[in-house]
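Taking it in order: structure first as structure tokens, then the write-up.
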Amino acid sequence: MSDYYEVLGVTRGASADEIKKAYRKKARALHPDVAGPGHEDEFKLVSTAYETLSDPEKRELYDLGGEDAVRGGGAGFGGGDFGGFADIFSSFFGAAAGSRGPASRARRGQDALLSVDVELEEVAFGATRTVPLDVYITCPACEGSCCAPGTSPVNCSSCNGSGSVQHMARSFLGNVMTTSPCTACHGYGTVIVTPCPDCSGEGRKRTHQDIEIRIPAGVSTGTRMRMSGRGEAGPAGGPAGDLYVEFHEVEHENLRRDGDDLWTELRIPMTAAALGAEFDISTLDGGQHIVVRPGTQPGEVLPLKGLGVGRLRRAGRGDLNVEIVVETPTRLDERQRDLLRQLAELRGEEGELSHRDESVMGRLKEKFSGR
């Protein structure tokens with residue numbers, strides 16, 4: 001570990017003014033115009049030493065336990081945040097250490113979102129569909145160069161192609177050389193003299209196109225699928241973003257989905273429920289034969305294995321559950337009523353029903369006759 005007092009060249013009993021003067025002297029000595037490049041780490045250490053010793057609380061902690069005590073007691077100090085000294089460091093060494101040459105016009109395009117309505121049949125089996133999409137593509141005329149065909153960018157005369165310019169600024173440390181992006185070329189180092197007329201010099205243009213998407217079996221409303229590199233093309237020939245396809249399931253007329261299973265109703269007359277019968281129903285897989293056993297009760301479920309929805313990212317399909325709904329006739333002619341009465345008599349139910357009807361009617365008559 002470094003001794004901050006030795007770093008600044010002061011004694012442990014140095015006053016605040018002595019510490020400040022020592023820091024200024026050290027900082028000037030480390031300026032790139034004086035010491036040349038390659039002294040970034042030394043400047044950081046000098047800045048850390050000064051920030052510690054110029055703060056009475058941090059200096060007291062440092063005197064008691066060194067750097068570890070300062071990191072433990074100074075919130076946020078141990079993370080290397082030098083506050084205002086980061087700006088000074090950037091001003092001193094920005095051109096030497098942080099410059100990376102001219103900026104690139106090419107940038108990654110934005111991601112795009114496409115909403116697609118899917119039918120239950122597509123959800124159950126999976127499908128491939130062609131859908132329209134409005135999206136930016138790389139300009140076919142200039143192929144992303146942003147220049148009119150036959151032309152190319154020229155070096156910026158203001159920065160000589162570097163993309164940045166230097167300015168002299170005064171600070172409490174003296175004259176400081178700062179670096180900033182060139183305003184003439186916006187930091188690109190080149191200027192487009194003749195922009196492409198088809199894309200107005202952007203290197204991309206918006207167009208309508210049809211794309212083919214794959215609908216995986218088992219998707220549901222809200223499921224998103226990413227298509228890498230199929231989003232918006234970037235400016236100046238930059239890479240395209242990703243396309244996200246969001247699915248919305250359309251409700252089916254006769255089938256209800258519950259996860260990987262499907263549900264439907266089979267409405268049968270009470271005679272079929274009592275005697276048993278056979279029915280043909282429509283499914284996503286075509287017609288299916290259903291056998292209703294004698295004595296079937298309302299609400300019973302007949303499962304048809306493997307006729308549901310395909311499982312997302314898994315093999316197999318769910319089931320189709322057929323719920324039995326027994327319909328009681330509401331309109332009977334006299335002969336039908338007579339036959340039902342005969343059935344009730346044969347089953348010993350007629351007397352019980354009549355007794356219940358008479359008891360109810362009798363109580364109603366007594367109630368109203370007593371008034």
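A few remarks follow.
- Positive-end residue of GLY234, ALA273, PRO216, charge dipole of region 196-304 with Cβ unit charges: GLY234
- Amide H contacts for MET227 (H built 1.01 Å from N in the peptide plane; partners 5 or more residues away or on another chain; cut-off under 5 Å): LEU243, TYR244, VAL245.
- In region 155-312, Cα pairs under 8 Å separated by at least six residues give a relative contact order of 14 percent.
- Packing-based order for 299-309, 45-55, 279-289, using average beta carbon neighbours within 10 Å, highest first: 45-55, 299-309, 279-289
- Counted charge near ARG311, where neighbours are those whose Cβ lies closer than 11 Å (Asp, Glu -1; Lys, Arg +1): +1
- Charge context of LEU133, other residues only, Cβ under 14 angstrom, K/R +1, D/E -1: -4
- Annotation: amide H-H contacts under 5 Å for THR190 (H modelled 1.01 Å from N, sequence separation of 5 or more, or interchain): CYS156.
- Pairs of C-alpha atoms in region 122-170 farther apart than 17 Å represent 70 percent of all such pairs.
- Cross-link reach list, aspartates and glutamates versus LYS20, counting only Cα pairs under 13 Å and skipping chain neighbours closer than eight places: GLU51, ASP55
- Whether region 110-233 is rounded, prolate or oblate, judged on the alpha carbon gyration tensor where a/c under 1.5 counts as rounded: oblate
Quick note: the coordinates plus some simple rules give every number you see, no bench work behind them. The structure presented is a predicted model; accordingly, all values stated were derived computationally and were not measured. Cβ: placed from backbone, ideal geometry, glycine included. Neighbour counts: every protein chain shown.
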